Amino acid sequence: MDESVKKYIHDKIKRDGTLHMTLLDPEKTGPEKSCRIAIEAEKGGSSAIMVGGSTLASNQILDEVVKTIKKSVNIPVILFPNNISGISPYADAIWFMSLLNSSNTYYLIDVQALTAKIIKKYGLEALSMGYIIVGEGGAAGFIGQARHISYEHPELVLGYSLAAEILGMQFIYIEAGSGASIPVPLEMVKMVKSHISIPLIVGGGIRDDDTAFKIAEAGADIIVTGTIIEETDLIQSKIGSIVEKIKLAKVKH
Ligand code: 1GP
């Protein structure tokens, strides 16, 4: 990429409104299928491919998947690391994330301290992000030892989000957990969005364009979906319908 990924994201949000990003788990999809999915996702209008998974343990698989995807699409590939094993030199950028409601300092700041040097050495663009896991939380919540935040307490999520912004983080991600049965509630998205000025990412359990539209309308700047691509062969049209619909929410922002 000629420009930075951060600039690309900011410019695209300004131009298109809410963006969509496709999350791929290399352990589940492997290089060949990941590549096919990434191509379809790009055709459908996804703005970036995020690569990561809560239980990813092999650098080698990750490298292969990232390299294969990079050869096949023009949109940026952004790492979504679960741990040290989630880092690859072949990506364009990395979500340099801190799990703000973790009860374990490892996920808050220690793993970042352990990996900062290698990220710099690889020349990966680090996009700092405050990551907050809410509701069911899925595997990410369990592994990240996230203290449970129920959907009834959006004010807790607001507190973490504002603190992250004040601390200088560039993005906020509210995560319901991959495959969550109920996505992040609209009230939570609205409350956080109305108090922060950095881009807000929302993901977990978003399976259709209506849900994605409502979350975009509530204020999400980026919608992430992962599981739906594992559940359909019509990836391009499924993602395409979400991308088209969330664009319409811009007017109401
Ligand atoms: C998980 O938010 C993402 O980190 C995506 O969730 O797999 O439920 O789309 P889904």
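Results for (1) part of a strand (DSSP E or B); (2) within 12 Å of the ligand (Cβ to nearest atom); (3) surrounded by 18 or more Cβ atoms within 10 Å (Cβ to Cβ); (4) of a type in the set (A, V, I, L, M), shown as yes or no for each residue.
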position: Y106; (1), (2), (3), (4): no, no, no, no
position: V111; (1), (2), (3), (4): no, no, yes, yes
position: L114; (1), (2), (3), (4): no, no, no, yes
position: K120; (1), (2), (3), (4): no, no, no, no
position: A140; (1), (2), (3), (4): no, yes, yes, yes
position: I149; (1), (2), (3), (4): no, no, yes, yes
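Considering only segment 197-219, state which residues are of a type in the set (A, V, I, L, M) and more than 15 Å from the ligand (Cβ to nearest atom).
The answer is I198, A218.
Being in a helix (DSSP H, G or I), in contact with a His (Cβ under 9 Å, 6 or more places away or on another chain) and more than 22 Å from L156 (Cβ to Cβ) is the filter here; which residues of segment 183-231 pass it?
Scanning segment 183-231 gives A212, A216, E217.
A short reminder: the numbers here are calculations on the coordinates, not readings from a lab. As the structure is a prediction and not an experimental result, all values here were calculated from the model. Cβ sites come from the backbone with ideal geometry, for glycine too, and all protein chains shown count toward neighbours.
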